[in-house]
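Each value in this text was obtained by applying a stated rule to the coordinates, not by laboratory testing. Worth saying up front: this structure is predicted, and the values here are computed from it rather than measured. Cβ placement follows ideal geometry from the backbone for every residue including glycine, while neighbour counts extend to all protein chains displayed.
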Amino acid sequence: MFQDDNSVITSLAQTWRNKPAKHQPCYEDPKHLKEVTDYLRTMPPLVFAGECDQLKGQIANAQKGEAFMLFGGDCAESFEHTTADRIGNKVRTILQMAVILTYGASVPVVKIGRMAGQYSKPRSSDTETIDGVTLPSYLGDSINGFDFTPESRLHDPERLTKAYLYSVSTLNLVRAFTRGGFADLRNVHKWNQGFVSNPAYERYENMASEINRAMKFVHASGIEGPELKQTQIYSSHEALVIPFEEALMRIDSRTRTPYFTSAHFLWIGERTRGIDDAHVEMFSHVRNPIGVKLGPTTNPDDVLRLIDKLNPDGEEGRLTFITRMGAGTIREAMPKIVEAAKKDGRPVTWVSDPMHGNTIKASNGIKTRRFNDIMDEIRGFFEVHEVLGTHPGGIHVELTGDDVTEILGGSEEILEDTLAERYESLVDPRLNHQQSLEVAYQIAEMLREFHL
Ligand code: PEP
Ligand code: CO
């Protein structure tokens, strides 16, 4: 990066440094943070601006109903779980879901991992108390450690460097998996084999065998080409830690405009989307495709002000609203905000996050979600768009490719007393591999039912 670029970003940064930033880490030594961010400023970008623009074009298609977006990955990635197996399982799950959805929607599926950078979390409480001991809450591996000890829970700027390096390593593997034959469409039908023993399989057998037949047809007809063997999974995360995202901001050499380069797509969380706050200000200066989470208390005016600030010129594919309303609330809370954006006329893409409005505590105190609530919120999302004549642009789910037991229900019937058997998430409960495929099959059915 040229010296000149650094000074452009530093002077831009004054606009958000003057505004309140919520949910930020607290470091004991500001000099230490500066050393880390100075180092990160010298490091290569994780993604290129050109790739971000390409994704923006694909999101513009989703906004028009000509593509469907699939976001998937952990609530919180951890350094410890950055292994080839776990990343491979997640990539495979996302690709399998994408095949099922492509079949249901008959449009391309834009695949975006909540991966390679999802290392920081806003928490509802600053502290956590266990057996009378109170320590700072776990805020994600880029801020502090999960272990419940004072040393581990200290906010440590060195973790930002680690987060950068783990992101590099994860993204490298994702790129290798999606470019190197792992994603070969002709192999995808084999991947379904694990699902055949699922009690739900019978219901989807027709669809699965139609997909198989289509695959075999492609194979037999000798159609070749990179489209069948390679695909692209873009990266995304919640841009929470302002000094980190700022240190990875770069000036695009082609257009001389600023981009976040820690991921292709970044979003602002429900807790940090205040219109006069630092996150919204920072996002207004970059050219990536971006998202904002919208919870059940969002009103039409919030939506219009966010459009004014984040996409004043109405660029297609630039702004995605990710609604996370709750199954019981979506049908009432969503129409007025979709209508407001529709009336405004500047394009926005609507994506459903059916996870974060449906978190509950099981009777044994474990944080979980019900599979049926997740599906009901997605159905509500489709219903609202059908009534309003707008497009459901995609879904955003927390998932893993592993066989965990974190979400209640699904055809394999995870019950309250089996939740603890394999509960590995550091923050929110995720769909396991089988539940993820089941979600994809059910959405594929909905996509057909609603003729979208
Ligand atoms: C999340 O995506 O993990 C999250 C914290 O979501 P939200 O900002 O919607 O609460
Ligand atoms: Co979460």
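Rounded to the nearest 0.05, what FRET efficiency do Lys216 and Leu165 have when you use their Cβ-Cβ distance and R0 = 41 Å? Efficiency for this residue pair is about 0.45.
With +1 on each Lys and Arg Cβ and -1 on each Asp and Glu Cβ, how big is the dipole of the chain about its Cα centre, in debye rounded to the nearest 20?
Values: 50 positive and 64 negative charges, 225 e Å.
Using Cβ point charges on Lys, Arg, Asp and Glu, the chain gives about 1080 debye.
Which of the GluC sites (Glu not before Pro) across the range 27-111 are loop residues per DSSP, with 12 or fewer other Cβ within 10 Å? The qualifying sites are Glu28, Glu80.
With the gyration tensor restricted to C-alpha atoms of the chain, the semi-axes of the equivalent ellipsoid amount to 32, 26, 23 Å, longest first.
If the label point is 7 Å along Cα→Cβ of Thr359, which residues in the range 416-430 have backbone nitrogen under 17 Å from it? Answer for the range 416-430: 423-430. Under 16 Å of direct C-alpha separation, and excluding same-chain neighbours fewer than eight residues apart, Lys31 reaches these aspartates and glutamates: Asp156, Glu158. In this structure the amide hydrogen of Gly140, modeled in the peptide plane, comes within under 5 Å of the amide hydrogens of Lys121, none closer than 5 places in sequence on its chain.
Return Ser169, Ser262 ranked ascending by Cβ neighbour count within 10 Å, so the fewest neighbours appear first.
On the way: Ser169 15, Ser262 28.
Fewest to most other Cβ atoms nearby, the residues stand as Ser169, Ser262.
Label reach from Asn89 (point 7 Å along Cα→C-beta): in the range 123-147, no amide nitrogen lies under 18 Å. Phi-derived couplings, Karplus 6.51 cos²θ - 1.76 cosθ + 1.60 at θ = phi - 60°, listed residue by residue for the range 171-181: 5, 4, 5, 4, 5, 5, 4, 7, 9, x, x Hz, with x used for Gly and Pro. Of Asn89, Pro122, Asn144, which is farthest along the charge dipole of the range 22-148 in the positive direction, counting Lys and Arg as +1 and Asp and Glu as -1 at C-beta? With unit charges placed on the Cβ atoms, the residue in question is Asn89. In terms of overall dimensions, the C-alpha atoms belonging to the range 30-107 reach 53, 30, 19 Å along their principal axes, ordered largest to smallest. Helix-only arithmetic for the chain: the sum of -39500 (n - 2.57) across DSSP H runs with n ≥ 4, divided by the residue total, places the mean residue ellipticity at 222 nm at -14000 deg cm²/dmol.
Which length gain, in nm to one decimal place, applies between Lys34 and Thr134 when the Cα-Cα distance is subtracted from 0.36 nm times their residue separation?
Details: separation 100, 0.36 × 100 = 36.00 nm, distance 2.90 nm.
Full extension from Lys34 to Thr134 adds 33.1 nm.
Of the three principal axes defined by the Cα atoms of the range 315-392, the extents in descending order read 47, 24, 15 Å. Summarising the label geometry, the points placed 7 Å from Cα in the beta-carbon direction at Asn172 and Val196 lie 3.7 nm from one another.
Stokes-Einstein diffusion for the range 333-452, with the hydrodynamic radius set to the Kirkwood value over Cα pairs and evaluated at 10 °C in a medium of 1.306 mPa s, equals 103 µm²/s. Exposure proxy shown here: for Phe146, Phe381, the number of other Cβ atoms within 10 Å sets the order, fewest to most, as Phe146, Phe381. Each part gets one Cα centre, and for the range 386-426 versus the range 193-270 those centres are 18 Å apart.
DSSP bridge analysis restricted to the chain gives an antiparallel fraction near 25%, rounded to the nearest 5.
Remark on Val397: its backbone amide H falls under 5 Å from those of Phe71, Gly72, Gly73, a criterion applied only to residues 5 or more positions apart or on other chains, H modelled at 1.01 Å from N. In the chain, a dipole from Cβ-located charges (positive for Lys and Arg, negative for Asp and Glu) runs towards its positive end, and of Val427, Gly365, Ala13 it is Ala13 whose Cα lies farthest in that direction. Among the GluC sites (Glu not before Pro) in the range 154-257, those located in a DSSP loop and surrounded by at most 11 other Cβ atoms within 10 Å of their own Cβ are Glu224. Oblate is the label for the range 1-159, because the ratio a/c of its alpha-carbon gyration tensor axes (a ≥ b ≥ c) is 1.5 or higher and a/b is not greater than b/c. Can you tell me how the range 198-338 classifies by the Cα gyration tensor, rounded, prolate or oblate, using a/c under 1.5 as the rounded cut? Verdict is oblate for the range 198-338.
Nothing charged except the Cβ atoms of Lys and Arg (+1) and of Asp and Glu (-1): what's the magnitude of the dipole of the range 58-126 about its Cα centre? Round to the nearest 20 debye. Please report the intermediate quantities before stating the final value.
Working: 8 positive and 6 negative charges, 26 e Å.
About 120 debye.
Evaluate the charge dipole of the range 313-417 about its Cα centre and quote only its size in Debye, nearest 20, assuming +1 on the Cβ of each Lys and Arg and -1 on the Cβ of each Asp and Glu.
Working: 12 positive and 20 negative charges, 110 e Å.
Computed charge dipole of the range 313-417: roughly 520 debye.
Placing unit charges on each Cβ (+1 for Lys and Arg, -1 for Asp and Glu) gives the range 180-305 a dipole about its Cα centre, and among Leu248, Val196, Tyr234 the Cα reaching farthest toward its positive end belongs to Val196. Stretching the chain fully between Lys309 and Glu416 yields a gain of 34.1 nm (0.36 nm per residue, less the alpha carbon separation).
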